[in-house]
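Notes follow once the structure below has been shown.
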Amino acid sequence: MNPLSRFLSRDNLHLWLMGVLLAAVCLLALPVVAQDSTVTDDDVNAVASRLYCPVCENIPLDSCGTPACIQWRAEIRTQLEAGQTPAQVVDDFVQRFGERVVGTPQDPTLRALSLLTPWLLGALALIVAVSTLMRWRQRRVTVTAPASAASANGQHSDDAYRARLEADLRTRR
């Protein structure tokens, strides 16, 4: 009996099937393992969207095409492939280039202040506008009230106005 027929005999058939099954599982799992270790453009852009271009004003790093941004995205890819988390990559950029690379300050107090200030200013403007409109409305009611009272007393508002106009004209002569 040759070695191949001895290996494929009924006694060793279960070992042979186990070996084929193990090889199939390893081959099927290989793409999954390879997929986890590679960094995609989406991974890089997810981190880059949290950073801003060092050259342009208020342009996110993921949508800017300047050479500096291309270099920074390559550096982000390198750091992610080295095993750093996105938060670690952002922290590294902030440490090296300052807080201008992120949209909001990293200090919690300054971050809260920068996020709340526009809302507080908007609320203050709304309060001032409402109070001003209320005062204007109150003045309009006060100005029209005496004319209404004169009409209720039997005088017409035109008569009162005409008498006042004539009195003003006499004093100017």
Item checked: Test result for residue 77, under 28 Å from residue 115 (Cβ atoms), touching a residue at least 24 places away in the same chain (Cβ under 8 Å) and surrounded by 12 or more Cβ atoms within 10 Å (Cβ to Cβ) -> no
Next item on the list: Please go through the range 74-89 and pick out each residue that is of a type outside the set (Asp, Glu) and more than 17 Å from residue 63 (Cβ to Cβ).
Entry: 78, 79, 80, 82, 83, 84, 85, 86, 87, 88, 89
Notebook entry, point to check: Inside the range 54-157, counting only helices (runs of 4 or more DSSP H) that do not spill past its ends, which hold 1 or more residues that are modelled with pLDDT of 90 or more, within 30 Å of residue 41 (Cβ to Cβ) and among the hydroxyl-bearing types (Ser, Thr, Tyr)?
Noted result: 67-81
Notebook entry, point to check: If we scan the range 26-34, do we find a residue that is surrounded by 11 or more Cβ atoms within 10 Å (Cβ to Cβ), modelled with pLDDT under 85 and assigned to a helix (DSSP H, G or I)?
Noted result: no
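The values are calculated or read from the model by the stated rules, or taken from the named source; none is laboratory data. All of these numbers come straight from a predicted model, not from anything done at the bench. FYI the Cβ positions are ideal-geometry reconstructions off the backbone, even for glycines, and counts take in every protein chain you see.
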